[in-house]
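Peer 1: One structure, as structure tokens, below. Some questions next.
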Amino acid sequence: MASATVAEEEYLQILFWLHEAGLPMTGANLARAMQLSAPTVHEMVGRLEKDGYITRAKNRTISFTQTGSAHAESIVRRHRLIERFLTDVLGIPWDEVHEEAERLEHAMSPVLEARMLAAIGDAKTCPHGHPIAAGSRIEGVPLADVEVGASVRILRFENEAEDLLHYLKQSGLEPGLEGTVAERDDSEVVVEAKDGRRCAVTASVSETVSVLADPSPAPRTALPDQLVLGQRYGR
Ligand SMILES: [Zn+2]
Ligand SMILES: [Zn+2]
């Protein structure tokens, strides 16, 4: 496999996130998710194509080549594995591991990856609920769509920007938490956990929280703006 640059790996990773979330892989969605300008993204997309990681259709939709898809999957897998290792083995809070994983994921040998995988035991997701093995994602619905009175289980935080993770951590929500939607209006959604704690998040944050709900609203894909992954892209 050709060796990708760190920047190329970042792009492949975001493309994979778009693909996983059911969003079209386009330059426009990439630019939105990475908070970069269209020309910057255009240039890098050209490089990814030249290096054999992606192809572009006439309508500008991007597809992974076999190499590209394997590379994207491995970088995403490493990211999630590192996050799980940092929380479960090193005891770092889950709202502080995303940026660390961003740094470590590019410099990881297969041997270290195998050791980390052994160290996390039977955990199947990152601490934010994203599957470590590609293709094992459970579909959910946005918390924002769930009606008052429905029971919910938190599946995943779709956006891992650390400021958002700090906010979610403070709210008391976390993947695996079960409860009931107690209140919902234009400004916030309140989930009452089984232990009686009330976890409130703003309506816009509730768009980024995927849940299993009963009764469940109809599934829908996320909006690209909700997948902005980190402030560091905004620089
Ligand atoms: Zn992350
Ligand atoms: Zn994560």
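Just so it is clear, none of the values below were taken in a lab; they were calculated from the coordinates. Keep in mind it's a predicted model, so treat the numbers as computed, not measured. All Cβ positions, even for glycine, are placed from backbone atoms using ideal geometry, and neighbour counts span all protein chains on display.
Peer 1: Can you give the angle from 0 to 90° between the axis of helix 110-119 and the longest principal axis of the chain, with both taken from C-alpha atoms, to the nearest 10?
Peer 2: Its long axis makes an angle of about 10 degrees.
Peer 1: Quick one: angle between helix 6-20 and the longest Cα principal axis of the chain, in degrees between 0 and 90, rounded to 10, please.
Peer 2: Roughly 50 degrees, rounded to the nearest 10.
Peer 1: Right, something else. Most fluctuating residue of Leu18, Leu104, Leu165 in a GNM of the chain with Cα springs under 10 Å: which is it?
Peer 2: Fluctuation is largest for Leu104.
Peer 1: Grab the Cα-Cα distance for Gln35 and Ala182, subtract it from 0.36 nm times how many residues apart they are, and report the gain in nm with one decimal.
Peer 2: Numbers: separation 147, 0.36 × 147 = 52.92 nm, distance 3.41 nm.
Result: 49.5 nm gained on full extension.
Peer 1: Suppose only helical runs count, i.e. DSSP H with n ≥ 4. What mean residue ellipticity at 222 nm does that imply for the chain under -39500 (n - 2.57) per run, divided by all residues and rounded to the nearest 500 deg cm²/dmol? Working shown, then result.
Peer 2: On the way: 8 runs with 90 residues, N = 235.
That calculation yields -11500 deg cm²/dmol at 222 nm.
Peer 1: While we're on this one: Using the count of nearby Cβ atoms within 10 Å as a rough guide to exposure, how do Glu207, Glu100, Glu83, Glu139 rank from fewest to most? Intermediate results must be reported in sequence, preceding the final value.
Peer 2: Values: Glu207 20, Glu100 15, Glu83 28, Glu139 9.
Ranking Glu207, Glu100, Glu83, Glu139 by Cβ neighbours within 10 Å, fewest first, gives Glu139, Glu100, Glu207, Glu83.
Peer 1: What does the charge dipole of segment 129-205 about its Cα centre add up to, to the nearest 20 debye, if the Cβ of each Lys and Arg holds +1 and the Cβ of each Asp and Glu holds -1? Before the final figure, lay out the partial values.
Peer 2: Numbers: 8 positive and 15 negative charges, 65 e Å.
Charge dipole, segment 129-205, about its Cα centre: 320 debye, nearest 20.
Peer 1: So if each residue of separation counts as 0.36 nm, and I subtract the Cα-Cα distance between Glu192 and Thr221, what length gain in nm does that give?
Peer 2: 7.9 nm
Peer 1: Between Val211, Val148, Val41, where does the largest GNM mean-square fluctuation fall for the chain, given springs only between Cα atoms within less than 10 Å?
Peer 2: Val148
Peer 1: Send over the semi-axes of the chain's equivalent ellipsoid, whole angstrom and largest first, taken as the square roots of 5 times the C-alpha gyration tensor eigenvalues. Don't jump to the answer; show the numbers that get you there.
Peer 2: Working: eigenvalues 186, 93, 44 Å².
In descending order, the three semi-axes are 31, 22, 15 Å.
Peer 1: If you place +1 on the Cβ of every Lys and Arg and -1 on the Cβ of every Asp and Glu, how big does the dipole about the Cα centre of the chain come out, in debye to the nearest 20?
Peer 2: On the way: 24 positive and 36 negative charges, 147 e Å.
With only Lys, Arg, Asp and Glu charged at Cβ, the dipole is about 700 debye.
Peer 1: Here is a further query. Of all trypsin sites (Lys or Arg not before Pro) in segment 1-78, which ones are in loop regions per DSSP and have a Cβ with at most 10 other Cβ atoms within 10 Å? Before the final figure, lay out each step's value.
Peer 2: Values: sites: Arg32, Arg47, Lys50, Arg56, Lys58, Arg60, Arg77, Arg78; in loops: Lys58, Arg60.
In loop regions of segment 1-78 (DSSP not H, G, I, E or B), the sparsely surrounded trypsin sites (Lys or Arg not before Pro) are Lys58.
Peer 1: Filter the trypsin sites (Lys or Arg not before Pro) in segment 119-196 to those in DSSP coil with at most 10 other Cβ atoms within 10 Å of their Cβ, and list the result. Can you show the working numbers first?
Peer 2: Details: sites: Lys124, Arg137, Arg153, Arg156, Lys169, Arg184, Lys194; in loops: Lys124, Arg137, Lys194.
Taking segment 119-196 and a limit of 10 other Cβ atoms within 10 Å, the loop trypsin sites (Lys or Arg not before Pro) found are Lys194.
Peer 1: Still on this structure, I have one more. Calculate one ³J(HN,Hα) per residue across segment 97-106 by plugging θ = phi - 60° into the Karplus curve 6.51 cos²θ - 1.76 cosθ + 1.60, and present them in order as whole Hz with x for glycine and proline.
Peer 2: Whole-Hz 3J(HN,Hα) from phi for segment 97-106: 9, 4, 5, 4, 5, 4, 6, 7, 4, 7.
Peer 1: Please find, in a Gaussian network model of the chain (springs between Cα atoms separated by less than 10 Å), the residue of Ile62, Ile75, Ile132 whose mean-square fluctuation is greatest.
Peer 2: Ile62
Peer 1: Lys and Arg at +1, Asp and Glu at -1: add these up for the other residues within a Cβ distance under 11 Å of His166 and post the number. Display every interim value, and only then the final one.
Peer 2: Working: positive: Lys169; negative: Asp95, Glu96, Glu162, Asp163.
Taking every Cβ under 11 Å from that of His166, the sum is -3.
Peer 1: Can I ask one more? At Ala107 and Arg137, where each label point lies 7 Å from the Cα along Cα→Cβ, what is the point-to-point distance in nanometres?
Peer 2: Once both label points are built, they end up 2.9 nm from each other.
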